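What follows is one structure encoded as structure tokens, with my remarks underneath.
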Amino acid sequence: MKKTFVLAALSFLVIGMNAQNLIKNGTFDTPLNAETYESVPASADWFVMDKTSGATTITPVKDDEKHGNAVQIENTTDNSWYKAFLAQRLEGAEKGVYTLSFEAKALTEGAQVRFFICDSKLKTFIMRDQFDLTDESSKNQSATAFSRVINKPGKWMKVTAKFDLAKTVDNFASVESVEAKGNKITESAISDEMLKDLIVVIELQKKDSKMMIDNVTLQK
């Protein structure tokens, strides 16, 4: 009986370790520092990248009693993937499949949120879980980025997606657009060095859109 209890306790401990959340301050209890950067800083907390001269703003806000602190992203122009985003360095990442989860509340109709994981130089990208570069049906999609359109403004919605932190690609664009230029996307195994140099990115795509983000987690 005692042995059974010990084994059960160890099982729960292992499960808890596997479910460790790599995101720090995902509930924004500590309000976002809205200082902007044009390159990835050394900071281990959330940071704001902005190369749009203010066309995109990312700021701390307060919502209802349930959510409290959150982050608001607002675009006044279409946003290229590398220009303006909310991001955080990842510490303690391991090879394997992770689920990124967050809550999003669109404040404009049809707001589109995009999210991905890459190295701090924005050169090498983590693959979406089970993405096949040879699959004709998904060649018009990015192998690294997920995108969600939220058509019901004013309501919090949960967004989730899986990434394979064992695999990388060398291009953000869709397979189709890369091949149209006579090039090819290369899939590679992640290096130990890159595992220590990852950032998670959340951004808006379309112009004249606004959205709030809260409760971000990244778990294996």
* Can K123 be described as in a strand (DSSP E or B) and at pLDDT 95 or above? -> no
* Structure fact -> Apart from one, (1) under 21 Å from K152 (Cβ atoms); (2) of a type outside the set (G, A, S); (3) assigned to a strand (DSSP E or B) all hold for H67; the odd one out is (3)
* Structure fact -> Going through (1) within 26 Å of T134 (Cα to Cα); (2) of a type in the set (K, R); (3) surrounded by fewer than 19 Cβ atoms within 10 Å (Cβ to Cβ) one by one, K196 fails only at (1)
* Starting from region 141-162, take each residue that is more than 24 Å from T124 (Cα to Cα) and list its partners that are polar (S, T, N, Q) and modelled with pLDDT of 95 or more, counting only C-beta distances under 7 angstrom and pairs at least six apart or across chains. => V149/Q112; P153/T108; K158/S101
* Quick check: is even one residue across region 30-42 touching a Pro at 6+ places or on another chain (Cβ under 9 Å), buried (at least 17 other Cβ atoms within 10 Å of the Cβ) and not in a loop (DSSP other than H, G, I, E, B)? -> no
* To do: Identify all residues within region 170-209 that are within 15 Å of the chain's Cα centre (by Cα), farther than 30 Å from P153 by Cβ and part of a loop (DSSP other than H, G, I, E, B); write none if there are none.
  => D197
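The values are calculated or read from the model by the stated rules, or taken from the named source; none is laboratory data. As the structure is a prediction and not an experimental result, all values here were calculated from the model. Ideal geometry is used to build each Cβ from the backbone, glycine not excepted, and the neighbour counts take in all protein chains shown.
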